[in-house]
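Only one structure is covered here, and it is reproduced in the block below.
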């Protein structure tokens, strides 16, 4: 099947999400009270973060701008007896216990996809390794980057990637195919 034929069959739009560690999004000096991050989706809406040896408390996050603290509710630098310091782009943002914080971040653009009920043979290939709640099969354009560490969102649902099938694993080399499982809401 040619790529053009495959794309004409697609029924939906998918976002591929990568698990990303939270990090400082741009250099900041020791007096900045709105802390820019690559994402705030994996963090609490208020609390304490650490960057390097500095603790920073905040009572608000801006999910649109991806900041800890806002103009109306600035973060407090040098909290818990630490000293405010300058930080560089990509410095880890950790929780108060020093553990990395992770977030699911969408790729820049959505890709065309077709999601359907998984075929029984494919489901059997993954059931010995993982518990399957609501298996689905997805087909994506051939050059789509996808791993089992990613997630896919489509039509309001979020799916974990159970297995990625490429080239020799499937009948056609003109698409990437994966087995998905719906992520249950917490």
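The values are calculated or read from the model by the stated rules, or taken from the named source; none is laboratory data. As the structure is a prediction and not an experimental result, all values here were calculated from the model. Cβ: placed from backbone, ideal geometry, glycine included. Neighbour counts: every protein chain shown.
Within the range 91-104, how many residues are exposed (fewer than 14 other Cβ atoms within 10 Å of the Cβ) and farther than 28 Å from residue 16 by Cβ? Total meeting the criteria: 2. Right, residue 136: modelled with pLDDT under 95, assigned to a loop (DSSP other than H, G, I, E, B) and touching a strand residue (DSSP E or B) at 6+ places or on another chain (Cβ under 7 Å) or not? The answer is no for residue 136. The set of residues in the range 159-186 being part of a loop (DSSP other than H, G, I, E, B), in contact with a strand residue (DSSP E or B) (Cβ under 8 Å, 6 or more places away or on another chain) and modelled with pLDDT under 75 consists of 166, 170. What number of residues within the range 61-90 satisfy the criterion of being closer than 26 Å to residue 146 by Cα and buried (at least 17 other Cβ atoms within 10 Å of the Cβ)? Final tally of qualifying residues: 1. Please tell me if residue 50 is buried (at least 18 other Cβ atoms within 10 Å of the Cβ) and either in a strand (DSSP E or B) or not assigned by TED's automatic domain parsing to the domain that holds residue 162 (or both). In short, yes.
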